[in-house]
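A.B. asks: The structure follows.
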Amino acid sequence: MPIEINWQLLMPELVIALTLLIVLVFDLFDSISKTVLGWMTIVGAAIALWVSIQMHQAGFDDTQFYGMFKVDNFSLFFNIIFLVSTILVTLISMSYLDRGDRKQGPYYLLILLATLGMMLMAAGNELIIVFLGLELMSLSLYVLAGYFRENPASSEAGMKYLLLGAFASAFFLYGIALIYGATGTTSVPEIAQAIIAEDKSPLLLAGMFLLVVGFGFKVAIVPFHQWAPDVYEGAPTTIAAFISAGPKAAGFAAFLRIFMEALPNLQGEWSGVLILLAMLTMTVGNVIAIAQTNIKRMLAYSSIAHAGYVLIGLAAAGAAAGNEAARDEGISSAILYLLIYCVMNIGAFGAVILARTEDGESLMISDYAGLGTRKPLLAMFMSVMLLSLAGFPPTAGFVGKFYIFKSAIGSELYLLVIVGAINTAISAFYYLRVVVTMYMREPEEELEFSPYASTLVVGLIIAAVGVLLIGILPSLILTPAQNSVF
Amino acid sequence: MLLSTVIFLPLLGVIAIALLRGLGASAIKGIALVIGILTFVISLGLYTGFNADTATFQYITQESWISDLGISYHIGIDGISLWLVLLTTFLTPICILAAWNSVEKGLSGFMMSLLALETGMLGVFCSLDLFLFFVFWESMLIPMYFLIGIWGGERRIYATVKFVLYTMAGSALMLVGILALYFQNDNSFDLTTLSGTFDHSELLFLAFFIAFAIKVPLFPFHTWLPDAHVEAPTVGSVILAGVLLKMGTYGIIRFCLPLFPDAAEKFTPLIVPLAVIGIIYGALVAMVQPDLKKLVAYSSVSHLGFVVLGLFSKNPAGLQGSVLQMINHGLSTGALFLLVGMIYERRHSRMIVDFGGLSKRMPIFATIFAIATFSSIGLPGLNGFVGEFMILFGSFKEGAFSKVYVVFATAGVILAAVYMLWMFQRVMFGTLDKTNEGLPDLNAREIVVMLPILLFIVWIGVYPKPFLNKMEKSVGLVVTKVQATPAMGQLEKGVPAGTKLALREIQHEKSEKEAEQ
């Protein structure tokens, strides 16, 4: 029987796949400037983004390939998150790579490949498809993390990421296997049906917890977070930005899809675990971030903490216990937060890249002293992003946190919100410390900063405008996020 | 529309300065001053058009903002917030003028922070939507953080981070409280529709109260205040003491008392002792300070203790006195900080031991300092007396709380006289040190800065009626709400009449005093 394919539903993925092929072909010609490949990536991602937005506005709820691939507003909204991340990361990468004789072609190729993997994860309605997407994304990221071969730190980061990532994938696969053993299927809706009929067997519970561990590694939840700081520190800064944004969102997309759609009947079992993990993740991430002197490591711990905030949304959806409104609000708050988080976190890493000297990047927070007067634009970008990460109004970060906390109160998770709110105050300390250093301390030595690259500044302007616009008019993305619940 | 103009005009000034910063220092200062004065003049329209015969909110604007979450841009003022708005718009141009020559670096940033701060503070006092309130409450931290951190003294970074973290820790809990109220308010953040009794009202009360207590600051949450005050630039201290601290007491009177009367009643025995400890402790610590600015800072702890005491007396006289005392404290402590700043600019020292005999050299300065000092002590005929007297009067009334506390609080008034007069004596009288002989007296700009404050210090002291009139109905409404609790069981009948009574008794008292003189 021939497969009936509705090509229209697959447009965003097809556009990215096509762009990938074009970049691959053009990379063969030495006469073409490699920056052109970057622009091709951006154009391709922008078209896919436009298509996704159009489809999201039209509203879809359909499956393809015998129900394995789901195109609904949820997956389309995540496509928007991934593509925005990809565009921003490519913008901040172009000047970063344009130095020395690094091969740039494969870089863009791998970024596109990882993006395709993420889109598969968000659309996967079948555990095997999710795993396929996960591996496609992860393998590309392992290479990207170790992309600067001549730099030992980068190689170490790639290696570490590969080893721990492989562990995580193994856990994940083992979880799938056990769930298959318990229910006899890997399809998300069929698992849900099977669980209604069957008892909650130990096999199923073990499979579920292995999935939590697998996702926990991928999105860097405490206590599965140890790889994150080392990888972020060693990997090229643009890739650290990329890993902290899109792939984390993709992990949460699959997390939400599988746990809310396949395992809703086990809510009692997993929502308590998520509450505990959320508290642990936020607190450990924020407290350890205080002790960091390297800005990339600080941002790594901060991104761990932010995974904790997203988990609040998941926990709220899980603990809603039959309250449909609270469940939907939990899901939409988590995806809204992921979009905001991706923009502001890439923006923060972009500001780090902007602070480059001739010998490399200035990664010590103390190097930022006096930037407020010497590099006002850079200091302003950095401050906006950090204040947003800290959750000060009127930035997007505040809106995101507010909505997350609101959804959790709606599910009556008071203690979790109190812990989250106190964590916000803790996090303000280390974010503000960078601002303090930039505006209130005098530099010990005069560092010669490289001139700004225009693409990088464009990327940062987009991020900054986005962060402030969403902060003042949240309805722009709040309503779409609320319409994206499955 | 009028109210929105007042709130956002300073923000317009921020943008104007950002765009025109290339024009040079005098242009920046000019823009800031014009915007500051214009805001004040427009805000006077709020006063003249204010209807004192009703307790409802006026100048209301309500626009849908984030409709999916039940959030609207809802602003309006009543007789309580009217005065705090006016205090803010009044002090800001004075601060701009006071900082005329004292900002050495980053003038445009300084003025932008000051104006942005004004918008934030005005927004806090005018918000009728809990979300909007929280947005202003938090966003106002950022300009203050820069004001202390960039233009402050030696330990400015420590002070500014401490200030921000204390406030954020408090507001984190308040956010939880706001969200919990949302679900009990029919999924809306509108303050005006909040009524009735709430689940977990005691926890909600605490969530709000702790945030406000940190801001006030109530003992034992006060430790950020001396640091912030001492390290802040003069103008920062004026705004901090003049307006920011009032956001705490305003929060108590706007949220804690009317929304959770039962809980307020229950926690009164806990809060009142803290307020009294703050009064005595602040006064005692102020007494031994060698640093003028620190002395004034600790006197704030003491004065704000009175305000909290009056609020929890829960009767018209006490509450009116508290609101009046918020304004009084803004004026007198603002004046003191300005004066300390002026002497610091001349001598580059704030240590009391470095001075002595200044009255011979600087008669104008000494005179103005004397008036501000007497106002702070609460000398009859000046503003401080009216406020403190009403607070103590209200606290002494039946049904407020144990009179032992009031006795101790009254002792605080005497202590205030001790530390303020002792300080005045050491600075102004005695032998003039050689190094101080060359100190010039106040110049015309500085006199212009001080005169408006002095005018109001005397005005409120002699004729407080217009001030009390406008707030009477609104305070009465709060009193009705807070006493409408079954637990109290001693609902006073005819509250507005009671208010009038309190006023009459005070005026009677005053005329007697005047007759004696």
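A.B. asks: What is the angle, in °, between the Cα long axis of helix A:127-145 and the longest principal axis of the Cα atoms in chain A? Nearest 10 is fine, range 0 to 90.
C.D. replies: 10 degrees
A.B. asks: Can you tell me which of B:216-227, B:166-177 comes out highest on packing, and rank the rest after it, using the mean Cβ neighbours within 10 Å?
C.D. replies: Highest to lowest by the protection proxy: B:166-177, B:216-227.
A.B. asks: Give the shape of chain B as rounded, prolate or oblate, defined through the alpha-carbon gyration tensor: a ≥ b ≥ c are the square roots of its eigenvalues, a/c under 1.5 means rounded, and otherwise the shape is prolate if a/b is larger than b/c and oblate if not.
C.D. replies: It comes out oblate by the Cα gyration axes.
A.B. asks: Now for a different question. Counting only C-alpha contacts under 8 Å and six or more residues apart, can you give the relative contact order of chain A as a whole percent?
C.D. replies: 15 percent
A.B. asks: How big is the shadow of the Cα convex hull of chain A, averaged over all directions, in nm²?
C.D. replies: Mean projected area of the Cα convex hull: 21.6 nm².
A.B. asks: Under a 5 Å amide H to amide H cut-off, with H placed in plane at 1.01 Å, what residues pair with A:Gln292 once short-range neighbours are removed?
C.D. replies: Residues meeting the criterion, in which the H sits 1.01 Å from N, do not exist here.
A.B. asks: Using the alpha-carbon centroid of each, what span in Å lies between the range A:238-313 and the range A:409-432?
C.D. replies: Cα centroid of the range A:238-313 versus Cα centroid of the range A:409-432: 14 Å apart.
A.B. asks: Sticking with this one: List the GluC sites (Glu not before Pro) within the range B:85-141 that DSSP assigns to loop and that have no more than 16 neighbouring Cβ atoms inside 10 Å.
C.D. replies: B:Glu104
A.B. asks: From the Cα gyration tensor of the protein assembly as shown, with a ≥ b ≥ c the square roots of its eigenvalues, which class applies: rounded if a/c is under 1.5, or else prolate if a/b is larger than b/c, or else oblate?
C.D. replies: In terms of gyration-tensor shape, prolate.
A.B. asks: When a/c reaches 1.5 or more, the comparison of a/b and b/c decides; with that in mind, is the range B:83-149 rounded, prolate or oblate per its Cα gyration tensor?
C.D. replies: oblate
A.B. asks: Cα centroid distance between the range B:4-23 and the range A:64-98, in Å?
C.D. replies: Each part reduced to its Cα centre gives a spacing of 39 Å.
A.B. asks: Here's something else I'd like to know. Can you pull the mean other chain C-beta count within 10 Å for peptide B:152-159?
C.D. replies: 1
A.B. asks: For peptide B:169-180, what's the mean number of Cβ atoms from other chains within 10 Å of each residue's Cβ?
C.D. replies: 6
A.B. asks: Let's see if you can work this out: charge +1 on each Lys and Arg Cβ, -1 on each Asp and Glu Cβ, no other charges. What is the dipole magnitude of the protein assembly as shown about its Cα centre, in debye to the nearest 20?
C.D. replies: 2460 debye
A.B. asks: Go through B:Lys293/B:Lys434; A:Lys160/B:Lys162; B:Lys294/B:Lys481; A:Lys406/B:Lys470 and tell me which ones have a Cα-Cα distance over 31 Å in this structure.
C.D. replies: Correct reply: A:Lys160/B:Lys162; B:Lys294/B:Lys481; A:Lys406/B:Lys470.
A.B. asks: I need to check one value: relative contact order of chain B, counting alpha carbon pairs closer than 8 Å and at least 6 residues apart, in percent.
C.D. replies: About 15 percent, as a whole number.
A.B. asks: Then there is this: Ordered by packing density, taken as the mean number of other Cβ atoms within 10 Å over each peptide's residues, highest first, how do B:183-192, A:363-372, A:377-386 rank?
C.D. replies: Those peptides, ordered most packed to least, come out A:377-386, A:363-372, B:183-192.
A.B. asks: Now, a different point. Whole-Hz ³J(HN,Hα) for each residue in the range B:429-440, computed from phi via Karplus 6.51 cos²θ - 1.76 cosθ + 1.60 with θ = phi - 60°, x for glycine and proline: what do you get?
C.D. replies: Karplus-based 3J(HN,Hα) across the range B:429-440 equals 9, x, 8, 7, 6, 4, 5, 8, 5, x, 5, x Hz.
A.B. asks: Pop the C-beta distance of B:Asp186 and B:Phe8 into the FRET formula with R0 = 25 Å and round what comes out to the nearest 0.05.
C.D. replies: The calculated FRET efficiency here is 0.30.
A.B. asks: Still on this structure, I have one more. Rank these for me by crowding, A:Glu446, A:Glu135, A:Glu126, going from fewest to most other beta carbons within 10 Å.
C.D. replies: Starting with the residue having the fewest Cβ neighbours, the order is A:Glu446, A:Glu135, A:Glu126.
A.B. asks: Check each of the GluC sites (Glu not before Pro) in the range B:342-428 and keep only those in coil by DSSP with at most 11 other C-beta atoms within 10 angstrom; list them in order.
C.D. replies: Here the sparse-neighbourhood loop sites are B:Glu398.
A.B. asks: A follow-up question, please. Could you give the nm distance between label points at B:Ile447 and A:Leu14, where each point is 7 Å from its Cα heading toward the beta carbon?
C.D. replies: 8.4 nm
A.B. asks: State, as an integer percentage, the relative contact order of the range B:263-517 based on alpha-carbon contacts under 8 Å between residues 6 or more apart.
C.D. replies: Dividing the mean separation by the residue count of the range B:263-517 yields 26 percent.
A.B. asks: Fewest Cβ neighbours within 10 Å first, please rank B:His74, A:His56 accordingly.
C.D. replies: A:His56, B:His74
A.B. asks: Continuing with the same structure: Test of understanding: ordering A:Phe449, B:Phe401, B:Phe136 by Cβ neighbours within 10 Å, fewest first, what list do you get?
C.D. replies: A:Phe449, B:Phe401, B:Phe136
A.B. asks: So what are the ³J(HN,Hα) numbers for the range A:233-246, from phi and the Karplus equation (6.51, -1.76, 1.60; θ = phi - 60°), rounded to whole Hz, Gly and Pro as x?
C.D. replies: Couplings: 5, x, 5, x, 4, 5, 6, 4, 4, 5, 4, 6, 9, x Hz.
A.B. asks: Turning to a different aspect of this structure: Rounding to the nearest 10 and keeping the result within 0 to 90°, find how far the Cα-based axis of helix A:11-26 lies from the longest principal axis of chain A.
C.D. replies: Rounded to the nearest ten degrees, it is 40.
A.B. asks: Please compute the length gained on full extension between A:Ile196 and A:Ile290, using 0.36 nm multiplied by the number of residues separating them and subtracting their Cα-Cα distance.
C.D. replies: 29.3 nm is the gain from fully extending A:Ile196 to A:Ile290.
A.B. asks: Between A:Phe449 and residues 5 or more places away or on another chain, which pairs have amide H atoms under 5 Å apart, with H built 1.01 Å from N, and which residues are they?
C.D. replies: Result for A:Phe449 returns nothing.
A.B. asks: If you fit an axis through the alpha-carbon atoms of helix A:267-290 and take the longest principal axis of the Cα set of chain A, what angle between them do you get, 0 to 90°, nearest 10?
C.D. replies: Value to nearest ten degrees: 10.
A.B. asks: Further question on the same structure: When Cβ neighbours within 10 Å are restricted to other protein chains, what is their mean count per residue of peptide A:422-433?
C.D. replies: Taking the mean over all residues of the peptide, I get 4.
Rule-based calculations on the coordinates, nothing more; no lab input. A quick note: this is a predicted structure, and the numbers were derived from the prediction, not measured. Cβ sites come from the backbone with ideal geometry, for glycine too, and all protein chains shown count toward neighbours.
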